[in-house]
1. Given the structure, is Ser276 surrounded by 20 or more Cβ atoms within 10 Å (Cβ to Cβ) and in contact with a Gly (Cβ under 8 Å, 6 or more places away or on another chain)?
2. Give me the pairs, please: first residue somewhere in the range 242-264 and assigned to a helix (DSSP H, G or I), second residue anywhere and among the basic types (Lys, Arg), beta-carbon distance under 8 Å, and either six or more positions apart or on two chains.
3. Identify, please: which residue in the range 211-226 is part of a helix (DSSP H, G or I) and surrounded by 13 or more Cβ atoms within 10 Å (Cβ to Cβ) and is, among those, modelled with the highest pLDDT?
4. Which residues, taken from the range 135-178, are basic (Lys, Arg) and under 23 Å from the mean Cα position of the chain (by Cα)?
5. Filter the range 70-91 down to residues that are touching a residue at least 60 places away in the same chain (Cβ under 8 Å) and within 18 Å of Leu159 (Cβ to Cβ) and give me whichever is farthest from the chain's Cα centre (by Cα).
6. Consider Leu163 carefully, then state whether it is closer than 24 Å to Gly318 by Cβ and touching a residue at least 40 places away in the same chain (Cβ under 8 Å).
7. So is Ile208 under 28 Å from the mean Cα position of the chain (by Cα) and either modelled with pLDDT of 80 or more or of a type outside the set (Lys, Arg) (or both) or not?
Amino acid sequence: MKKLIGNLKGDKGIWSFVALLALFSFMPVFSASSNLAYLGHGTGNTLGYLVKHFAHICIGFLIIYLVHRVPYHYFRAISKVGLPIVWILLGYTLIKGTVIAGANASRWIQLPFIGISFQTSTLAAIVLYIFVARYLSKTREEPVTFKASFIELWLPVFLTLGLILPANFSTTALIFSMILMLVFVGKYPMKYIAIIVGSGLLLLAFFILLSKAFPDSKFFSRVGTWGNRIENFTTDKPDEDDYQIEKAKIAIASGKIYGLGPGKSVQKNFLPQSSSDFIYAIIVEEYGLIGGIGVPILYLLLLFRFVIASHKANTLFGKLVVIGLGFPMIFQAMINMCVAVELLPVTGQTLPLISSGGSSIWMTCFSLGIIISVTKKEEEIAEELKESAIREEALQKLIDAQIASENEEEESYSIEDKVTNPMNAVMNK
C-alpha cells in the first residue's frame, strides 16, 4: 500500500478531496438505493447496489491512476483526432439510443458484449474542452480573426452541441457555458464572444421552430419536456418533476440540523432517482445541515485546488485544461444541489463522484486523471530543479574542496622548496 501511494504523483490535495467524496458516497448510495431494490427484485436489499457502486468507484480510481501517468500534452493531439469519433458516437446515440428507467432514448448507448450503458455526451464534453484549450493555446501569440476562428473553433463546437441538443438540453447549455468561460479566460476577443452568444441563441430558436414544424419527429421529442419544466418551475404547475421536487424538499426539511441518521431516510422510498439526480436531498435528510453544508465545502475546496493547479501550470495549454475540465465538474455539482432545493428546474445532472452510475463516475475520473497529470508535470519540473540545485551545490563544494587541497599542497611545496633550495623560490618567481 505504501508503495502504491508513493506512485501517486500530482497534487495531493486533489487526490485527498476526490478520495473523501468517493468514500462518503458509499453511505448515501447504500441507503438511497432501496427504491431501486424494491423495483428490481422486491426485497429492498441494497447490498448488490453497494457492491456495484464499489466496483464503479474502484474502476474510476484505476482510470485516474492510469490517465495521470500519461503526459498531458498527448491529449492535445488526441482531442483533434477524437472529435470526429465523438461525432460518430453522438450520431449513433441519437439514432440507436437506449431507454434507462423510462428516460429519453437518445442519451445512452449499450456497449456490446459487456452490457454497460454509456452516456456519450460526457465523453464529448471532455474531448471538446481539451479541443478548445488546444486552439486557444495555439493562437495565443497570433492575431485572431473571427472568420478563421469560426471555421477552426466554433464550427466543431456547434456541430458537437447540435448532436447533443436533441436529447439533452441541460448538458448542452452546461457545455456551451463552460466553453464561453474557457474562451474568456483564454483571452478570446470579447466582441467575438458576443457574436457567438447571439449566434447560439439564434440557432436554439431555429431548433425550437423546427420542433414546432415537425412535432412528431423523434429528434424534437424532448423540446416539449424542456418547455414544460421551465413553465412548471415558474408557475408551480403540478407534474412529475414537481412531485420529485416536493419529495426532495420534504427530505431536506426533515433533516433539520443533525439529520435522521445514516440509512434512516424516509423519502428515499418515494423519491425517484434518489440515488442519482436527487441524492443530495437524501444526504441532507440523513446528515442534516452538517452534511448539507459539508458536501458543498468539499467541492469548493476541490475547486480551490483546481485554481492553484491552474496557476502553477507552466504552459497555457495546461492552465486551460485544468480550468476546462475542473470547473465544469464543480459547476455540475452546484447545479445538482440547486435543483434539489428548487433554485433551478430539473436538469438531470448527477452529483459528481457521489451519485451512483458507471459512465458518469468514469468520465469524471478521466477528467481528474488529466488534471492530475498536469500537476504531476509541475511536480516533476520542481523536482528536476531541486535535484539540479543539489547537484550544483555538491559540485561547487567539490570544486571548493579541490581548490583548498591544491592551495594546501602548493603552500607545503613552497615551504619545502625554501628549506631545500633557496634558489627555487627565485626561479619559480
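1. Spelling it out, Ser276 is indeed surrounded by 20 or more Cβ atoms within 10 Å (Cβ to Cβ) and in contact with a Gly (Cβ under 8 Å, 6 or more places away or on another chain).
2. Listed by first residue and then by second, the contacts come to Ala251/Lys268.
3. Across the range 211-226, the extreme among qualifying residues is Ser211.
4. Within the range 135-178, Lys138 is the sole residue that qualifies.
5. So the residue we want is Gly91.
6. no
7. Spelling it out, it is not the case that Ile208 is under 28 Å from the mean Cα position of the chain (by Cα) and either modelled with pLDDT of 80 or more or of a type outside the set (Lys, Arg) (or both).
The values are calculated or read from the model by the stated rules, or taken from the named source; none is laboratory data. Owing to the predicted nature of the structure, the values given are computational and were not obtained by experimental measurement. With ideal geometry, Cβ positions are generated from the backbone for all residues, glycine too; neighbour counts draw on all protein chains shown.
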